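The next block holds one structure in the form of structure tokens; read it before the comments.
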Amino acid sequence: MNLLKGFAASSVFTLSLFGMELSHPAAQQVSAPNNPGEEVIASAQLEPKSGSTARGSVIFTRIGEGMRVTALVEGVDAGKHGLHVHEKGDCSDPHAKTAGDHYNPTQKEHGGPHTTSRHLGDFGNVTVGKDGKGRLELAIPFSAQAGISEWEKIFGKSVILHAEEDDLKTQPSGDSGDRIACGIIVQEPRRVAE
């Protein structure tokens, strides 16, 4: 069974799979995977930047021949907000400028999560409601050449949530505005659902 078929049909799913709600303290921890063969490999805890109140979690879960990326955010203005992996694992600057540019090991043009030309960490947009909370969940197939090894290179990089919508085309970063939250991607202990 191809686990990605169900995920590719839609990029937003309910988060009951993870047993997490962002406003609950468990949102600061990574939940174990629930489906056979799934493995949480990394996570990032987003902290406010650029004077914002944005915070959240990003979880990277191996699913069959691909990666599920789940982002949960709160304290963010309603609307769409770009989410990307950046090249440096440094969130020390108040505006997250020390995180560098988008992580782009294949030197491709910026795009969306399912476009042919894209950076590895081009995750598109998190949609945030009037309550300031948002989620993004998507599945991205491994490339035929690199498999999971390309994803293992994100350990120690950072995830940035932006103030504006990523238009998925403007080079080099989708014209998504200020960096309002930043988190360093940390490798998680091996946890596989049985």
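Derivation of every value follows stated rules applied to the coordinates shown; laboratory data play no part. Only a predicted model underlies this, so the values are computations on that prediction, with no experimental measurement involved.
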Practice task
Among the lysines, select those whose C-alpha is under 27 Å from the C-alpha of LYS130, and discard any that sit fewer than 8 residues away in the same chain.
Solution key: LYS49, LYS80, LYS169
Exercise for the section: Using just the alpha carbons, could you tell me how many Å³ per residue the convex hull of the range 44-105 encloses? Expected result: 102 Å³
